[in-house]
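Take a look at the structure below.
The values are calculated or read from the model by the stated rules, or taken from the named source; none is laboratory data. Treat the numbers as computed from the prediction; the structure is a model and nothing was measured. These area figures cover heavy atoms from the full protein model, side chains too; ligands, DNA and RNA do not enter into them. Shrake-Rupley method; radii C 1.70, N 1.55, O 1.52, S 1.80 Å.
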Amino acid sequence: MSWKGFQKTVVRTPQTVKARFNMGEISKDAIYIDAERRFQELETETKKLHDESKKYSDSINNILTHQIEFSKACAEIYRPISGRVSDPDSFIQEGNPEGIRACEEYESIVHDLQETLAPELEMIESRVIKPADELLEIIKVVRKTAQKRDHKQLDYDRHRLALKKLQDKKDKTLKDEKALYKAENDVEQATQDYNYFNELLKNELPELFRLEREFIKPLFQSFYYMQLNVFYTLHERMQNIDIGYFDLTLDIEDSFEAKRGTIQAEVEALSITKFKTTGGRRPGVSKYGNKPLAIEAGPGGKKPLAIEEGYKPRPLEVDASKSKYASGKTFTPASEKAGITTEAQKTIEAPPPPYSPASTLSPPGSASLAGIAKSKGPAPPPPKPKPARLSGNPAVETVTALFDYEAQAEGDLSFSTGEVIEIVTRTDNTNEWWIGKIGTRQGQFPGNYVQINH
């Protein structure tokens, strides 16, 4: 924009704001308003015609290009990855020769098809896209004329308003008389300019619309026949493809199933295809496996702790040099002296050892067990007995999940943090597995993942 054009824009700004918000006296021509609306539609649709024709031509080229690249990708997959020990077929030289040969034949057919369709696509470019582009250039010139007409209308309304203010002024000075004379000349000049561009557009826009209809007819007809040629050529070439690798007598789904065979089941059998992360894991279970480390499934499906199976108390050894009551002998449990095995030992509850003063086993200088117990004060009182239930049906016991847990084995119950679980059976030890249900789902879960609701 030139400096002169910038100055005119600044001067027209107040009147532009008034016209935009329909304030004050604004010149309106109903015939021109209707013609300008139709011209705006013509401008929009011509731009759309140009863009969509270009997209159609490019899409045909892109389809063929993508077909070629797809064939190249399949051929590369069929070829063995030679020299890589990680590939089980790295030393098999033949790869899939039938598939590679089919890809090469298909690529050659698509290349020929691309060359055959090149003239048709060039005709779309020359007979549709280029004329639409030329029409757009004409429309741009007409749009500039319409903008100039709008500017002249702003000047006409602006000078007319200034003249009216001077005419309505009662006591005019000599300066006002000079301004009135100048305003009359400005209004006369603005009227001539506005009428020229307004009448020009009102007379010639309808003629442009008529010529535009005649211009579109051959474009549409050419595009229709060229489109028929493109699709006919595509259909004929693809219908006559004769590659032995494909069985064209079968339906698409049947042919796909025949080629796939059992590959999908074999892929799904690989453990690496089922890798997933979890929000929480069972204690003692590896992050990358579903077998417990120190917990084995016991009879009846219950998973006991490691201490519950095969536990054998370690002999208590006392250094004779550090205790005057020790005789240098090793303490052996009575069950071992009697020859009781570990399995039998599980069914017998051994009585606690007899009380002996803490000083007999404490090294000199260390605090005795009695002293430690005394320092802690008296034992806390036992809890009060729970009141009896008022109703005949016992209340359902529930727990709230503290962490996310995802089932690691069959029969486990998955839940998220904050979910309420109804207890079916549980023990007093939170480090064991409890059984609960959420809705219709029931299973076992770690007790240390939840908190009992009181």
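Here the Karplus relation 6.51 cos²θ - 1.76 cosθ + 1.60, evaluated at θ = phi - 60°, turns the backbone of the range 213-222 into coupling constants of 5, 5, 6, 6, 4, x, 5, 5, 5, 5 Hz, with x for every Gly and Pro.
E419 contributes about 60 Å² of solvent-accessible surface, heavy atoms of the protein only, 1.4 Å probe. Tell me the accessible surface of V10 in square angstrom (1.4 angstrom probe, heavy atoms of protein chains only), to the nearest ten. Result for V10: roughly 80 Å² accessible.
For K182, a cut-off of 20 angstrom between C-alpha atoms picks up these aspartates and glutamates, skipping any fewer than 8 places away in its own chain: D155, D157, D168, D171, D193.
Across R160, R210, R149, the residue with the most accessible area heads the list, and the full order at a 1.4 Å probe is R210, R160, R149. 3J(HN,Hα) along the range 43-50: 4, 5, 6, 5, 5, 5, 4, 5 Hz, from the Karplus curve 6.51 cos²θ - 1.76 cosθ + 1.60 with θ = phi - 60°, whole Hz, x for Gly and Pro.
Over 22 Å between Cα atoms, which of K144/K202; K54/K148; K148/K169; K152/K178 qualify? Exceeds cut-off: K54/K148; K148/K169; K152/K178. Rolling a 1.4 Å probe over the heavy atoms of the protein chains gives the range 152-283 an accessible area of 76 Å² per residue.
Computing the accessible area with a 1.4 Å probe over protein heavy atoms, can you report the carbon and sulfur percentage for the range 145-246?
On the way: 3770 of 7090 Å².
Carbon and sulfur together cover 53 percent of it.
Under 5 Å between amide hydrogens, built in the peptide plane, is the criterion, and for V450 it picks out L402 among residues at least 5 positions away or on other chains. Computed from the Cα positions only, the extents of the range 136-190 along the three principal axes stand at 55, 14, 12 Å, in decreasing order. Global dimensions of the range 97-245 from alpha-carbon coordinates: Rg and Dmax equal 31.7, 105 Å. Only protein heavy atoms count here; under a 1.4 Å probe, H235 has an accessible surface of about 120 Å².
As a length-normalised measure over Cα pairs under 8 Å and 6 or more apart, the relative contact order of the range 142-280 settles at 22 percent.
Taking a threshold of 29 Å on the Cα-Cα distance, which of the pairs K48/K72; K8/K165; K55/K140 fall above it? Each step should come with its number before you reach the end.
Details: K48/K72 35 Å; K8/K165 21 Å; K55/K140 22 Å.
Beyond 29 Å: K48/K72.
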